[in-house]
1. May I ask you to sort D537, D118, D147 by Cβ crowding, counting other Cβ atoms within 10 Å and putting the fewest first?
2. Which trypsin sites (Lys or Arg not before Pro) in region 286-346 pass both tests, a DSSP loop state and at most 13 other beta-carbon atoms within 10 Å?
3. With 21 Å as the limit, write out which pairs from K350/K415; K410/K473; K529/K585; K364/K529; K36/K358; K395/K415 have Cα-Cα distances beyond it, or answer none.
4. Can you sort K127, K43, K415 from fewest to most other Cβ atoms within 10 Å of each residue's own Cβ?
5. Where does the charge balance sit around K268 when Lys and Arg score +1, Asp and Glu -1, over other residues with C-beta under 13 Å from its C-beta?
6. Could you name the aspartates and glutamates in cross-link range of K148, using Cα to Cα under 18 Å and dropping any fewer than eight places away on the same chain?
7. Set the Förster distance to 30 Å, then compute FRET efficiency between H123 and F507 from the Cβ-Cβ distance, nearest 0.05.
8. Give me M528, M129 ranked fewest to most by other Cβ atoms within 10 Å of their Cβ, as a rough exposure proxy.
Amino acid sequence: MSKSRYEQKPKNRIQASSLTLKDRLAALKNLPEFLKLVWQTNKWMTLGSSLLRLLRSAIPLAILYVGKLIIDQVVFLSNHSAEVHNYLWELIALEFGLAIFSDALNRAIILIDSLLGDLFSNHTSIKIMAHAATLDLDQFEDSVFYDKMERARQQTIGRTILLSQVMSQIQDMITIGFLAAGLAVFNPWLILLLFVAVIPSFLGESYFNDRTYALTRGQTPERRELDYFRYLGASDETAKEVKTFNLSGFIIDRFRTLSNKFYLDNRKLVIRRASWGTFFSMLGSLGYYSAYVVIIIRTIQGKVTIGELTFLAGSFRQMRSLLEGVLTRFTSVSQGAIYLSDFFEFFEIKPKIKLSAKPLSFPKPIQTGFTFEDVGFKYLHSERWANRHLSFTLKPGEKLALVGENGAGKTTLVKLLARLYDPTEGRILLDGIDLKEYDLTELRENTGVIFQDYLRYQMTLAQNIAAGNISEKDNRNLIETSAEQSLADVLANRLPEHYDQMLGKRFTNGVELSGGEWQKVALARAYMKDTQLLILDEPTAALDARAEYEVFQRFAELTHGKSAVLISHRFSTVRMADRILVLDKGEIIELGSHEELLQKGGRYAELFDLQAMGYR
């Protein structure tokens, strides 16, 4: 089987198992695009944070230098038995002011970063949702795609931290530049010793961050499984079956197995990291105190003043701390930049359903109908045809029923008709023109679809119905009319808050509905649009016989003059259609009216007789 477009790794993709310094530097190319996203989120906050950090980066050197002047002044006054001059108090006041100013700047930076981080998370989450909305249905049905989307989602939160890290990295590097300039004036060789002292720690952190990235990326599919079992074990939607089938033990055991595996893998890595980190830290401390001893000796020899001693020791200590932070953070920043590849890679995924450069308007009304010409469709990663050799016409105003066993390809066929999929082979025509030539938005607006696995939105009844045409969410008359047509109005009348009643148990004061009640709500969505084509996939499966009869009496009236496709296992419903299309293993084996197919004595007649026997 050929690899899908998701399995093919982009040329710029960095392999988790073989990260090098070159790879990390290459990953930094993602940062300009990242910072562009940050700027787009809120340019004033981004600019404000940058300016405040630039200002604060100069303060450590200023405080150290003022401290040097204070100590030298104190030593001078002490040696000369002189009175304390205003100059000393002015220096102390200046250092105090710098400390207060530094703290205020730091708090302002933290505040802006926090607010900007929240906005960035929201901004990128919206971008992911907006891009996901452009992708095809079969892409969502691919596990490789889901892994990519899950990693992209994780970046919306994790990249808030990266934002702060990148800004702090720039600030600390500027601070190091100021401190290095100060050290260079007194003892330039200390800077070289400083770099030699921190390199081992940097290399150690880099190595273990590589291992962490490889481990985290490799665990993505299993972590999705872990989250799924966490959901199964504690959800109002699963509680009924979990209790009925006593599944809690199985779910807990599987969760425990996966979580313990992650724990053991992570524990092994963090223990090694802590051990080597301690060793490398000792090397760094050895370098620092070697320099400290040299400075003290030079002070004793009278080559350096006490004030210069404190300045040099303080500058060296702060530079060491900042440099270690910068180098350590470099591994984190480059790590985050590598993860950004996951984020940007998601946006490189393009839909396979291509829009026409000059789309045609949807015909109003439809003249000759929808025609399938030898249509076939395969799902991603599948060798089996879901549908094959489909050739038929859905005429304007015709009611067509699809019949077949589970897995016969009924739902796939209607998804092709609604252009949720494009055919793998063959073509679908609308009034003699390829369906691909029509405006996709108009096609969806003129097609009403209710699938058997419809969503039960944890929203109000009105919002649940309005989901069928969300642009009319404030049109209460249309919502109530749609409810009447699907018999959901009876439900609305007995709910405490009527159409404003919250449905589901997830939120406060929510009311759970029965399967049949939910189905009436879902059916109401189909009537929210004045469509030319209505598709109902098992629309009455949860309704009792009386409700089903009433629904289809109204359905026949409301779809008069419109095309409709109906999927149902109930032949009392199917026989109301103008024609019935029988599928087997994705192919058409029979097509005709109820009477014609019974007279033919084929598969339809066999299935009809089997179901009729159950009522005798």
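Where a number appears in this text, it was derived from the coordinates with a stated rule and is not lab data. Given the structure is predicted, the values throughout are model-derived calculations rather than measurements. So basically every Cβ, Gly included, is an ideal-geometry build from the backbone, and we count neighbours across all protein chains shown.
1. Details: D537 20, D118 12, D147 17.
Arranged by neighbour count, lowest to highest, D537, D118, D147 become D118, D147, D537.
2. On the way: sites: R298, K303, R317, R320, R329; in loops: K303.
Loop-located and lightly packed - K303.
3. Numbers: K350/K415 19 Å; K410/K473 31 Å; K529/K585 33 Å; K364/K529 14 Å; K36/K358 33 Å; K395/K415 18 Å.
Correct reply: K410/K473; K529/K585; K36/K358.
4. Working: K127 17, K43 10, K415 20.
Lowest count first: K43, K127, K415.
5. Working: positive: R211, K261, R267, R272, R273; negative: D265.
Cβ neighbours under 13 Å give a net charge of +4.
6. E7, D136, D138, E222, E225, D227, D342, E345, E348
7. Numbers: r = 26 Å, r/R0 = 0.86.
Using R0 = 30 Å, I get an efficiency of 0.70.
8. Details: M528 24, M129 10.
By the 10 Å Cβ count, ascending: M129, M528.
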